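Heads up: the structure comes next, in structure tokens.
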Amino acid sequence: MDIDDLLQELDDNQVPSGTRDIADLTQSWIAERSAPEILPFQTALLERLMERIRQQVLIKLWYLSFFFSFFFFFLFCGEVWKPTLQYF
């Protein structure tokens, strides 16, 4: 192990995983486009990317459900609360 290997390990630890995944995806895409044959499937990379997308979708769905639950609550129960809010 030489100094270049140590510096590479240090650099890999400081780069966020999302940035590393995008760089790996870009590198794989460029390599696939320039290769004369089909390269091996990047299973681990695509699984990480798909999991990241799933998490983003779940977060968006959670926010939407949270917003709509409050929206419908105030839509249907707002009339009940209006008289009581006058005392505050």
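A compact table of results
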{"quantity": "Pairwise FRET efficiency - Asp5 versus Ala44, Cβ, R0 = 22 Å, nearest 0.05", "calculated": "0.55"}
{"quantity": "Residues Thr19 and Leu61, FRET efficiency given R0 of 25 Å [Cβ-Cβ distance, rounded to 0.05]", "calculated": "0.50"}
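Each reported figure results from applying straightforward, stated rules to the coordinates on display, with no laboratory input. Computed from a predicted model, the values in this text were never measured in an experiment. Cβ atoms come from the backbone with ideal geometry, glycine included; neighbour counts cover every protein chain shown.
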